[in-house]
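Asker: Handing you this structure, nothing more for now.
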Amino acid sequence: MKNITPKLIKLFKENYCTPQIAKIAKNLKEPSTTIHYNIKKLEKEGAIKTYKAVFDYKKIGESFCTYVLINLSPNEYNNPERVAEELAKFPQIESIDIITGDWELILKVRMESISDYYEFIKRGLSRKGIIKIKSLNSLKQIKTEFIEL
């Protein structure tokens, strides 16, 4: 049989998961139509942005996780959204937040190895507007997306 696992993982990361209405209805002891109506309402209101899978990252070749703190140059400091939107185009970046304190941005980055991370830093983070980075490597993840691992 053809192995399409990498293609499935990519789709699951990009909004191709759907709620299991029958399972939810059974758990809540409510009719499926009620569950469906309420989910559609939340989607329409924008309260639900997407559905995605929660992975065991070791099993999909993305076991190296690091948090990257970023300082912006003075000419970029007044518009961190622009830099964040530019960085968001990299598929290795799981999340980006604009933060307070000594740093302007925090990124959560996933890839296979530290050598891949080194290449990512050279290609993705060595750019005008970023003056300093600090990496905090995750040794073990205990909880993600509200799910205990």
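Asker: Take the Cα radius of gyration of the range 60-144 and divide it by 2.2 N^0.38 Å, with N its residue count; two decimals is plenty. Walk me through the intermediate numbers first.
Answerer: Working: Rg = 12.6 Å, N = 85, 2.2 N^0.38 = 11.9 Å.
For the range 60-144, the normalised Cα radius of gyration comes out at 1.06.
Asker: How high is the FRET efficiency from Ala47 to Lys23, r the C-beta distance, R0 25 Å, rounded to 0.05? Show your work: numbers first, answer last.
Answerer: Details: r = 20 Å, r/R0 = 0.81.
Between Ala47 and Lys23 the formula returns 0.80.
Asker: Provide, as a two-decimal number, the C-alpha radius of gyration of the chain over 2.2 N^0.38 Å, N being how many residues it has.
Answerer: Ratio of Cα Rg to 2.2 N^0.38 Å: 1.28.
Asker: Among the chymotrypsin sites (Phe, Trp or Tyr not before Pro) within the range 39-118, which fall in a DSSP loop and have no more than 14 other Cβ atoms within 10 Å of their own Cβ?
Answerer: Tyr51
Asker: How much length would be gained if the chain were fully extended between Lys10 and Lys140, taking 0.36 nm per residue of separation minus their Cα-Cα distance, in nm to one decimal? If you can, show how the numbers build up before the last one.
Answerer: On the way: separation 130, 0.36 × 130 = 46.80 nm, distance 2.29 nm.
Value of the extension gain: 44.5 nm.
Asker: Which residue, Tyr51, Thr144, Thr5, has the largest displacement toward the positive end of the dipole of the chain when charges sit on each Cβ (Lys, Arg +1; Asp, Glu -1)?
Answerer: Looking along the dipole axis, the top candidate is Thr5.
Asker: Cut-off under 18 Å on the C-alpha distance; same-chain residues fewer than 8 positions from Lys44 excluded. Which lysines are left, in chain and number order?
Answerer: Once the sequence-local lysines are set aside, what remains near Lys44 is Lys52.
Asker: The range 120-138 to the range 70-100: how many Å between their Cα centroids?
Answerer: Taking the Cα centre of each part, the range 120-138 and the range 70-100 sit 11 Å apart.
Where a number appears in this text, it was derived from the coordinates with a stated rule and is not lab data. Since this is a predicted model, take the numbers as computed values, not measurements. Glycine gets a Cβ as well: all are built from the backbone with ideal geometry, and neighbour counts include every protein chain shown.
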